[in-house]
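Below: one structure, written as structure tokens.
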Amino acid sequence: MDWPVSRSRWRKRSQRNKPLFLLSLSLLLIFFLAVFLSSYAEIFRSLLPFPTKTLDARSPQCGAGGAPDLAGERFLWYAPHSGFSNQLSELKNAILMAAILNRTLIVPPVLDHHAVALGSCPKFRVASPTELRTAVWDHIMELVRARRYVSMADIVDLSLLASSMVKIIDFRVFASTWSLLSGLQGNIDQCIYAIQDDCRTTVWTYQQENEGILDSFQPDKELQKKKKTSYIRKRRDVYKAFGPESKAETATILAFGSLFTSPYKSSELYIDIHEAPRDTRIQSLLKEIEFLPFVPEIMAAGKDFAVNKIKEPFLCAQLRLLDGQFKNHWRATFSAVDQKLKTLNLELKANKVSGPIHIFVMTDLPMVNWTGTYLADLAKDASSYRLYTLLESDELVVQAAKKLMAAEHGLRSGFLPRNLDGMDKNNACDPVTLPEILLYIEEAVCSCASLGFVGTAGSTIAESIEVMRRNNVCKL
């Protein structure tokens, strides 16, 4: 099969018309049903490795009917956003929430870089949960139409967690059985509970005995006056809010908006759950999700490049130069690399090691635009430095993408209908565009850099690489 290859360097926000109005919960559900009970359902089903005859839309009750494997299941959905590192952070929080609430997590696709934006929690300027959920549905449809759908579980290895600590289901599988879960005659209140709380009003906790107290971070008077807001942030226990005896408990789907959080002013922006000493299962899960590795195909490609292309001990330099705030900080970014190289040169000289320093450069600045920059100076000094880069179109990346798609980790790591073994492997369908996995392979290469790593200050990609290196994922 010929696989179309996307050659864009980093994903950019797709162009689409903004919604003319916000969908209410009822309209959102109607939209969701209309999509998956129409031709889009067939597209989703064509992406699945099991026959469509298993799908039966006659169920009159939410969660009952022709999908016995899903009978009684309760699900958790959320609206991811921003770049991959933020989406990975939200996935970890979603795993945690699903485990606490004893729900099956619906694993979303990887969204295009900044296709969906949250806004700023510290400035109390964020998209509402309803806006985020609507934007995510819209973008998923774009991915489906373009046959660019890639699950987060295709990129991040969830197999161990899914087998022991939390139940998951791929969004494609869930979407293909949605008619069974909802039913046109079903009660919306019993099928979906859409959470409207966000970081402007709530900090979710667990077993902290601080239900309803004010959080330490509140909007200051100047912000309240400027934005004409009266938000009050309260700390609330997520289990008490959505667990047993709550209105949400009986809903088949519990739908969050964003699940992004970050430390801020001695508190957390949205989720403050770092330990659960009275719940050993959740305490263990918190340790497990501190680091979620890439799937084997990505790590193997990174190691392959380090061993067979670079072949020598090397330094990784992650330089984010074009996106957002980083385009205004080139001098500081290049200065950090220069200082690291000066230190390395001194160490190598002291150890009487000669020859050029090998550097893997991970950057969003195309090589054709290096002229007149610090990177061009390094490239010219061939006697002192040898630079290496990767492109999305490189054969190593293309082959890794093919192996990734063939592995179907996203589908196989969670729930699948029982008759998967009876699937028609010869069933022809339109080719799926190869996923853009360059970023992940580059991170894998950087995890193998034995001479060290220097990243862009404030970059979540740099933070991700640091976590990989601390966990010694690359064993050459």
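Remarks
- Measuring nothing but alpha carbons in region 69-198 and taking Rh as the Kirkwood radius, the Rg to Rh ratio lands at 0.95.
- As an equivalent ellipsoid, region 163-309 spans semi-axes of 32, 26, 18 angstrom, where each value is the square root of five times an eigenvalue of the C-alpha gyration tensor, largest first.
- Each eigenvalue of the Cα gyration tensor of region 68-290, multiplied by 5 and square-rooted, gives one semi-axis; in descending order these are 27, 21, 18 Å.
- Charge sum, other residues only, whose C-beta stays under 9 Å from Thr252's C-beta, Lys/Arg counted +1 and Asp/Glu -1: 0
- Accessible area ranking (1.4 Å probe, heavy atoms, ligands and nucleic acids excluded), largest first, for Leu396, Leu91: Leu396, Leu91.
- Computed from the alpha carbon atoms alone, the convex hull of region 286-421 holds 190 Å³ per residue.
- Taking all protein chains as they are arranged and a probe of 1.4 Å, the heavy atoms of His139 leave approximately 0 Å² accessible to solvent.
- Lysine-lysine proximity count for region 68-290, Cα under 17 Å, sequence distance 8 or more or distinct chains: 11
- Total formal charge among the other residues, if their Cβ is under 14 angstrom from that of Asp215, Lys/Arg +1 and Asp/Glu -1: -1
- A prolate overall shape is assigned to region 224-307, the ratio a/c of its alpha-carbon gyration tensor axes (a ≥ b ≥ c) being 1.5 or greater and a/b exceeding b/c.
The values are calculated or read from the model by the stated rules, or taken from the named source; none is laboratory data. Predicted model, so just to flag it, every value in this text is computed and none were measured. Positions of Cβ are generated from backbone atoms using ideal geometry, with glycine treated the same way; all protein chains shown enter the neighbour counts. For the accessible areas, the whole protein counts, side chains as well, though only heavy atoms, and no ligand, DNA or RNA atoms are used. Shrake-Rupley method; radii C 1.70, N 1.55, O 1.52, S 1.80 Å.
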